[in-house]
Amino acid sequence: MTDLNRRSARNLAQRIKMREVKPSEVMQAHLDRIALREPDIGAFQYLDADRAMDRAMAADLQHANGPLHGVPFVIKDIIDTDDMPTGWGSDLYSDRRPVRNAACVQMFLDAGAIPIGKTVTTEFAYFRPGKTANPHNLAHTPGGSSSGSAAAVADFMAPLAFGSQTAASLIRPAAYCGVYGFRPTIHGYPLAGVMGLSPSLDTLGVLARDPNDLALADAVLRGTNPPQAAQFEDNLPRISLMRGPHWMDGSIEMRDTCTRALSAIAGTGAETGEIAHPEIFADLTAAHNTVMAYEAARLRRDEFEKGIPAISLQFQALIETGLEVSEANYQHAKTVRDRAVMILEQLFRDTDALLVPSAPGSAPVGLEATGDPLFSRMWNLLQIPSVAVPFGTNADGLPLGVQLIAPRGSDARLLDIAQWVGSILNPPD
């Protein structure tokens, strides 16, 4: 029973359904891990171990009729829960107590999953970091803003976690912590009860150690039946490397990781190649910055006006920048986005998924910042689905990885491809 916290959500759900293990045994294994590691990792903003165990013991007595019955999960602290505080990573809201669950939390509860606690987020899911350290090296950042969620999953404290992304808040911490992360097509998952920062960019997402768990969570959040693992023996997906306009801004190890990953995929006999980024893509990061600042300034202006000095200098600067963005510049940035989406859709006629960098490199040293969001900004602006796929470590033992990109609305297909690519890059022992 000692390895239950290292199992996938799908495996745990199956074993619970077959009565091979009890939800309380599963929960105890995770709580034991948390007791051992949380003092060093600092993944949790709020933890009530007794309540989590009470729920698990109640699940022992229930018939397993949900796809996540008895499976533990953790929740980023910008997502409302009716029995735990939700402080948005801000001193302004440290005592905030929502009266109802966010839609995504309720869907997990209805599927039988059991919440362990709330995980650390950066302030307002922006830049000011919380206390969380990278499980692979405590001197390094876990990324942000889904810091605690990525660290908890990576360190075997939970098999599933909710995160979110407005710039690179899910893909980057997944990459830095060596786990899988899925950001669906914009508004693919319900955002009711999730703190907003930039409405045209905000997206709920999921983190897991097993790509099959991403598909399982996806089914729960869409109200569909859990899918079977995709089979590609007779029709391998076409994968193309796109270096992108910021390729040389990343590290050598990042570039090597991407090219090695493509080579490994090519070794299966799959069709691979490279696609040059369209010229307009060089404008997407600036467009993302414009859209995000403009929308955040209007959505979170109240905190800016009432919260100084309780809000960070980083957040103040974001709002001040956004207030200076004109309506004309905002509309122009969205026009650039829409043109790029049309061009990208044409490129996907020749490939099923793009392989791109997930981060500039491995997690930087220090906990005062969460790393550069450069390599996810443009994809987030385009509102398309993406998956972070881990791929080995560097010489210091820090995780490396890549990102898979697909067209809007092709979420299920991308999750299938991510499972297949994951099996190549991370074969079972």
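Structure values in brief
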{"quantity": "Cα centroid of region 34-102 to Cα centroid of region 405-425, whole Å", "calculated": "29 Å"}
{"quantity": "Reachable aspartates and glutamates from Lys131, criterion Cα separation under 16 angstrom, eight or more residues apart if same chain", "calculated": "Glu38, Asp40, Asp77, Asp91, Glu123, Asp155, Glu368"}
{"quantity": "At least 18 Å along the helix axis (C-alpha) and Kyte average at least -1.0, DSSP helices within the chain", "calculated": "23-41, 252-266, 284-299, 327-347, 411-425"}
{"quantity": "Relative contact order of the chain, defined on C-alpha pairs under 8 angstrom at six or more residues apart (%)", "calculated": "17 percent"}
{"quantity": "Charge dipole magnitude, Cβ of K and R +1, D and E -1 - region 346-429, Cα centre, debye nearest 20", "calculated": "300 debye"}
{"quantity": "Largest-first principal axis extents of the Cα set of region 101-260 (Å)", "calculated": "47, 45, 33"}
{"quantity": "Neighbour net charge for Phe281 - beta-carbon separation under 13 angstrom, K R +1, D E -1", "calculated": "+2"}
{"quantity": "Cα gyration tensor shape for region 268-381, rounded if a/c is under 1.5, else prolate or oblate", "calculated": "oblate"}
{"quantity": "Structure-derived semi-axes √(5λ) of the Cα gyration tensor in Å - corresponding label in [x] 31, 27, 19; [y] 37, 25, 20; [z] 36, 29, 18", "calculated": "[x]"}
{"quantity": "Cβ-placed point charges (K, R +1; D, E -1), dipole of the chain about Cα centre in debye, nearest 20", "calculated": "420 debye"}
{"quantity": "DSSP-defined beta bridges in the chain - what % are antiparallel, rounded to 5", "calculated": "70 percent"}
{"quantity": "Lys, Arg +1 and Asp, Glu -1 on Cβ, resulting dipole of region 323-381 about Cα centre, debye, nearest 20", "calculated": "120 debye"}
{"quantity": "Overall form of region 187-299 per C-alpha gyration tensor (a/c, 1.5; a/b vs b/c)", "calculated": "oblate"}
{"quantity": "Average projection area in nm² (convex hull over Cα atoms of region 28-98, one quarter of hull surface)", "calculated": "5.6 nm²"}
{"quantity": "Per-residue [θ]222 nm for the chain (sum of -39500 (n - 2.57) over DSSP H runs n ≥ 4, rounded to 500)", "calculated": "-12000 deg cm²/dmol"}
{"quantity": "Mean-position separation - Cα centroids, region 268-334 and region 183-216, in angstrom", "calculated": "18 Å"}
{"quantity": "For Thr393, solvent-accessible area (1.4 Å; no DNA, RNA or ligand), Å²", "calculated": "80 Å²"}
{"quantity": "Glu320 accessible area, assembled protein chains, probe 1.4 Å, Å²", "calculated": "90 Å²"}
{"quantity": "Region 44-154 - Debye-derived log10 I(q)/I(0), Cα point model, q = 0.20 Å⁻¹", "calculated": "-1.04"}
{"quantity": "Amide H contacts under 5 Å for Gly163, placed H, 5+ residues apart", "calculated": "Gly205, Val206, Leu207"}
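The values are calculated or read from the model by the stated rules, or taken from the named source; none is laboratory data. Everything numeric in this text was worked out from a predicted model, so none of it was measured. Backbone-built Cβ (ideal geometry, glycine too); neighbour counts: all protein chains shown. We work out accessible area using only protein heavy atoms, side chains counted, and drop any ligands, DNA or RNA first. Shrake-Rupley method; radii C 1.70, N 1.55, O 1.52, S 1.80 Å.
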